[in-house]
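Q: Starting off with a structure, shown below.
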Amino acid sequence: MTKGKLIIISSPSGGGKGTLIKEVRDLLPDMGYSCSHTTRPKRFGEEEGREYFFIDRKEFERRIKGGDFLEYATVHGNLYGTSLTESNKVANSGKDLIVEVDVQGALSIMERKRDDSISIFILPPSFEVLRARLTSRATEDAAELHTRLKNSFAEVMQYVNFDYVIVNEHLTTAAQQIAAIITANRQSRDRQRDAIRSILDSFDAARHLFEGE
């Protein structure tokens, strides 16, 4: 069985990657999804196991020592990590696995899994739009908002390390573009080896019909 791909979705904080992933999963319901772990506090409206698994720093550090994470990083003072076991389980099932991850974590995964991943960077249409989105969601205090906006200058420049770039100006359009990238990759020659082999076997089996002509 051909393994699935890791679909890495990353952006600066406020880029809209979480909302886009929900839209893409509606468009491609066969996608696997890896919910990350974090030490940051749960925000209003978030659910355990939907946005993140929320654990304390001591537990997170225990899991680091146990080698439980495909990647982990400190972002805006909090720890974030992607489960290695969950990632491998979904990939080995043949499904694509979509992963929402910060820029630092995305680069770490890409370093380890370059041949097994598709990396997609989400850009806001402008700094002003990013600031408006972060401000309107009202989930950070003034100091944290300032830190996220300041960090965004370095984060957006990492787009050059990704396979694809999507400008998240219109949610529906951006989600469709991501789904199109994933669907197109599934048609690559390498990912269709089993189907191609079966078809070619049928041609070999029928070859005798034309022998002697």
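Q: Looking at the range 126-177, which of its residues are in contact with a strand residue (DSSP E or B) (Cβ under 6 Å, 6 or more places away or on another chain) and not charged (D, E, K, R)? Step through it out loud before you land on a result.
A: Initially, the range 126-177 is screened for residues in contact with a strand residue (DSSP E or B) (Cβ under 6 Å, 6 or more places away or on another chain), giving 159, 162-168, 174, 177.
Listed by number, the residues that qualify are Tyr159, Phe162, Tyr164, Val165, Ile166, Val167, Asn168, Ala174, Gln177.
Q: Read through the list (1) farther than 22 Å from Asp96 by Cα; (2) assigned to a helix (DSSP H, G or I); (3) in contact (Cβ under 8 Å) with a residue 24 or more places away in the chain, then give the number of the only condition that Asn185 fails.
A: (1)
Q: Okay, moving on. With Arg112, Arg186 as the choices, which residue is charged (D, E, K, R) and farther than 24 Å from Thr38 by Cα?
A: On the way: Arg112 fails: farther than 24 Å from Thr38 by Cα.
When all the criteria are applied, what remains is Arg186.
Q: Could you give me the residue pairs with C-beta distances under 8 Å whose first residue belongs to the range 1-16 and is under 13 Å from Gly32 (Cα atoms) and modelled with pLDDT under 90, whose second residue is of a type in the set (Gly, Ala, Ser) and assigned to a loop (DSSP other than H, G, I, E, B) wherever it lies, and which are 6+ apart or on separate chains?
A: Cβ pairs passing all conditions: Lys3/Gly94; Gly4/Ser93; Gly4/Gly94.
Q: To continue, here is another question. Which one of these does Ser108 not meet: (1) at pLDDT below 85; (2) buried (at least 18 other Cβ atoms within 10 Å of the Cβ)?
A: Here Ser108 clears every test but (1).
Q: Across the range 154-178, what is the number of residues that are surrounded by 13 or more Cβ atoms within 10 Å (Cβ to Cβ) and of a type in the set (Gly, Ala, Ser)?
A: So the count comes out to 2.
Q: Among the residues of the range 115-153 satisfying the criterion of being loosely packed, with under 11 Cβ neighbours inside 10 Å and either under 25 Å from Arg191 (Cα atoms) or among the hydrophobic types (A, V, I, L, M, F, W, C) (or both), which is modelled with the highest pLDDT?
A: This residue is Phe153.
Q: Kindly indicate whether Lys89 is basic (Lys, Arg), surrounded by fewer than 18 Cβ atoms within 10 Å (Cβ to Cβ) and touching a residue at least 40 places away in the same chain (Cβ under 8 Å). Lay out the reasoning, then the answer.
A: Numbers: basic (Lys, Arg): yes; surrounded by fewer than 18 Cβ atoms within 10 Å (Cβ to Cβ): yes; touching a residue at least 40 places away in the same chain (Cβ under 8 Å): no.
The answer is no for Lys89.
The values are calculated or read from the model by the stated rules, or taken from the named source; none is laboratory data. Everything numeric here is computed off the predicted structure, so don't read it as measured data. Reconstructed Cβ throughout: ideal geometry from the backbone, glycine too, with neighbour counts over all protein chains shown.
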